[in-house]
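> Before we start, here is the structure in question, set down as structure tokens.
The values are calculated or read from the model by the stated rules, or taken from the named source; none is laboratory data. Keep in mind that this is a model prediction, so the values were computed, not measured. So basically every Cβ, Gly included, is an ideal-geometry build from the backbone, and we count neighbours across all protein chains shown. Surface areas here come from the heavy atoms of the whole protein model, side chains and all, with no ligands, DNA or RNA. Shrake-Rupley method; radii C 1.70, N 1.55, O 1.52, S 1.80 Å.
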Amino acid sequence: MATYRIAWLPGDGVGAEVLDAASKVLDAVGFEAEYVPGDIGWEFWKTEGNPLPDRTVELLKSTDACLFGAITSKPKDEAAAELAPELRDAGYVYSSPIVGLRQLFQLHTNLRPCKAYPGNPLNLRDDIDLVVFRENTEGLYAGVEFHPVPDGVRKALEEHPKMKRFAEVDGTDMAISTRVFTREGCRTILRDAFEYAKTFGYPTVTVIEKPNVIRETSGLMVREARAMAEEYPGIELWETNIDAMCMWLVKNPQDYGVLVSSNMFGDIISDLAAQIVGGLGFAGAGNIGDNFGVFEPTHGSAPKYAGQDKVNPIATIRAAKMMLDYLGEREKAEHIEAAVARVIAEGTKRTYDMGGSSSTSEVASAVAEAAA
Ligand code: IPM
Ligand code: MG
């Protein structure tokens, strides 16, 4: 009998191919699970006006964890234009289903390890070992936005001296996206980052914000980071602004270990961190809350490669490995990790991004064989 019940959400584009790749590897290490497929993505936006149907949310509630492929996201107006004719002008507004899942299930921690595997020709350097902790439910991606700006919001903001210069602008000619941080949200992501550093022996935690300009929200995060650092005498807290961090990660990435940031800055920094160790084809991510976890490759749906058995499956295989860690299946997880490292080091099976000509499924089979 299957031990676990895993929600299986391929989504759009290459999502199905990379999930197939992960399933080969999960089978090879003897992970026993029932995989329950669910609907998510663009197709359901177009036909139902909802890329994350309620039935999928219900399904997730009955599982232990979820493996998620990829979804296509488009800005509001482009999305509206692709709705089925009978759904148009009915008030449907597109919003990203993965962002929705993170909020619905309170998956507060987005964990993205970016490590240089020995022998990967795409590494910027071979001694990079970064782990990004991205706050996953608040900040600019919380979705508290206004356009046009309603009178009530307008009135409340008018009290702020810096709003004076916008006094003459009509509400219809203005858009406002808010950046909401809570103390609890900051402390939760910081706690996870410090605990990870402590458990795995990283000497530093770098908090990445911009408190010299975004005084209140970034200020809160940095203050809380300083307070928490007091509890971890063996770990040094470094504070870096987001812009400078983009530079340092290209210049001296080997100096850093655990990185922690808010939602949008964490989104940016995690793409950069992924690129210096091979690109999005290597970056797996865990969206982890107190009661549920959704694991995914960081890359998108890559529509131009869909159905070609071409993209690098390693990101999704690593996401599956992270799911096993989350479920407490450490030994199986380590087998996957070692197998990925071996296939990369051997270098005979490589997808196009690594300069090779192997297919998604060939690389997946090679990892599965090495992991068995
Ligand atoms: C990511 C992606 C998503 C995000 C998109 C697809 C909404 O960029 O997981 O990093 O911005 O969080
Ligand atoms: Mg991103």
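> Need one number: the % of Cα-Cα pairs in the chain sitting beyond the 32 Å mark.
Result: 36 percent of Cα pairs exceed 32 Å.
> With n ≥ 4 as the cut-off for DSSP H runs, can you work out [θ] at 222 nm for the chain, using -39500 (n - 2.57) per run divided by the number of residues, rounded to the nearest 500?
Here the helix-only value at 222 nm equals -12500 deg cm²/dmol.
> Right, here's the next one. Just order 332-343, 81-92, 119-130 by mean Cβ neighbour count inside 10 Å, highest at the front, would you? Provide the component values of the computation, followed by the final result.
Working: 332-343: 20.3, 81-92: 11.2, 119-130: 16.0.
Ranked from most to least packed, the peptides come out as 332-343, 119-130, 81-92.
> So how far, in whole Å, is the C-alpha centre of segment 262-317 from the one of segment 119-178?
Taking the Cα centre of segment 119-178 as reference, the centre of segment 262-317 is 22 Å away.
> Something else about it: Mean separation of Cα pairs under 8 Å and 6+ residues apart, divided by the residue count of the chain: what relative contact order is that in percent?
Once divided by the residue count of the chain, the mean separation gives 23 percent.
> Return the sequence-ordered ³J(HN,Hα) values of segment 224-240 in whole Hz as given by the Karplus equation 6.51 cos²θ - 1.76 cosθ + 1.60 applied to θ = phi - 60°, using x for Gly and Pro.
Result, rounded to whole Hz: 5, 5, 4, 5, 5, 4, 4, 7, 10, x, x, 10, 8, 8, 10, 10, 9.
> Pop out the carbon and sulfur fraction of the accessible area of segment 20-172 as a percent, whole number, probe 1.4 Å.
52 percent
> Then there is this: Out of residues 5 or more away from Phe295 or on other chains, whose amide H comes under 5 Å of its own, with H placed 1.01 Å from N in the peptide plane?
Amide H to amide H, under 5 Å and 5 or more residues apart or across chains, Phe295 pairs with Cys66, Leu67, Phe68, Asn287.
> Could I ask something else about it? Give the share of C-alpha pairs in each 5 angstrom bin for segment 99-249, from 0 to the last occupied bin, in whole percents, shortest bins first.
The distribution over segment 99-249 is 2, 8, 14, 17, 16, 14, 11, 8, 5, 4, 2, 0, given as percents.
> So, in nm, how far is label Glu216 from label Ile176 when the simple model puts each one 7 Å beyond its Cα toward the Cβ?
1.0 nm
> Please give the length that would be gained between Thr204 and Lys304 if that part of the chain were fully extended, namely 0.36 nm times their separation in residues minus their C-alpha to C-alpha distance (nm, one decimal).
Gain on stretching Thr204 to Lys304: 32.0 nm.
> Then there's this: When the Karplus curve 6.51 cos²θ - 1.76 cosθ + 1.60 is applied with θ = phi - 60°, which whole-Hz ³J(HN,Hα) does each residue of segment 162-177 get, with x for Gly and Pro?
6, 7, 3, 5, 9, 4, 7, 7, 5, x, 6, 9, 9, 10, 10, 10
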